[in-house]
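We did not get these values from a lab; they are worked out from the coordinates using the rules stated. Here the structure is a predicted model, which means the values were calculated and not measured. Every residue, glycine as well, gets a Cβ built from its backbone with ideal geometry; the counts of neighbours run over all protein chains shown.
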Amino acid sequence: MSLLDAVLAAGVIPTNEAKQSSKKRYSEALSQKLAQEVAAGLRAIGFSSIKPLTGGRGEKAFQGGLGPKRVDVSYADEQHGLLMAVSIKTITSEPFGKNLKNRFYDLCPEGITLHLRFPYSVICALFCFPNAANQDTTLARTVSTFERARKLLSTISGRQEYTDPGEKFENVTMMLFNPVSTDKLSKPWVKLIDSITNKEMTEAEYFDLLRQIFNRRNPHTAIGDDILDVEDGEVE
């Protein structure tokens, strides 16, 4: 169970010369596998009913403030509705910067419509690029697409209070990965990087970060060891 497993399960990344349909299938497969692994990682630390299940149905639809919205990873119950969501976004083919603003503009209304309906919800995003997107600098463009994306996405990360702007996300984390390829010497790997601080984190640290954000927002229904004792006001 790991995000690297999702990269491996997605298979060999299509070459630049491949058909657009092949590139689209790869991106969709990677997103689906990542959603399952993110949900599995969160279930392992206490989010028992989080969806999707491995091998189960994919996105789940919720009625947002601007209409129905499908959510890649969702934690919800009948009493509270949507409590936490993780949106998975991938750009896997060159030119990597071509669809960056489109993905950014997809995220903003996603945050708005979910926060309008569920202002207390913890809405997060995992934005993924292959390593080539961190190496596409030129003499005229000295900053890689990955770094440009990190800086852009940091502007909508870090929503602290339920009254903060709805288009902001509680957390946006970047994922840089080396995909499966026909090059036998190129080994797949995954790196997770906080969009605001630019600091790399382990997978365990990432999942724990999401849990900490959730627990700060939900002290009376916290996950793990931070459950608030309503009787005496102390944390057990």
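The table for this structure:
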item: Backbone N within the range 20-56 under 15 Å of label point (7 Å from Asp77 Cα along the Cβ vector); result: 46-51
item: Between helix 145-154 and the chain: long-axis angle, C-alpha atoms, 0 to 90°, nearest 10; result: 20 degrees
item: Pairwise label distance in nanometres, Gln160 with Asp183, each label 7 Å out on the Cα-Cβ vector; result: 4.3 nm
item: Point-to-point label distance, Leu209-Thr142, nm (Cα→Cβ direction, 7 Å offset); result: 2.8 nm
item: Cut-off 13 Å between beta-carbons: net charge of the residues surrounding Leu192, Lys and Arg +1, Asp and Glu -1; result: -3
item: Taking Asp77, Asp5, Asp194, Asp72 and counting other C-beta atoms within 10 Å, the order from fewest to most; result: Asp77, Asp5, Asp194, Asp72
item: Acute angle (nearest 10 degrees) that the helix 20-43 long axis makes with the longest principal axis of the chain, alpha-carbon atoms; result: 30 degrees
item: Per residue Cα convex hull volume in Å³ - calculated over the range 3-235; result: 135 Å³
item: 222 nm mean residue ellipticity, helices alone, for the chain (DSSP H n ≥ 4; -39,500 (n - 2.57); rounded to 500); result: -10500 deg cm²/dmol
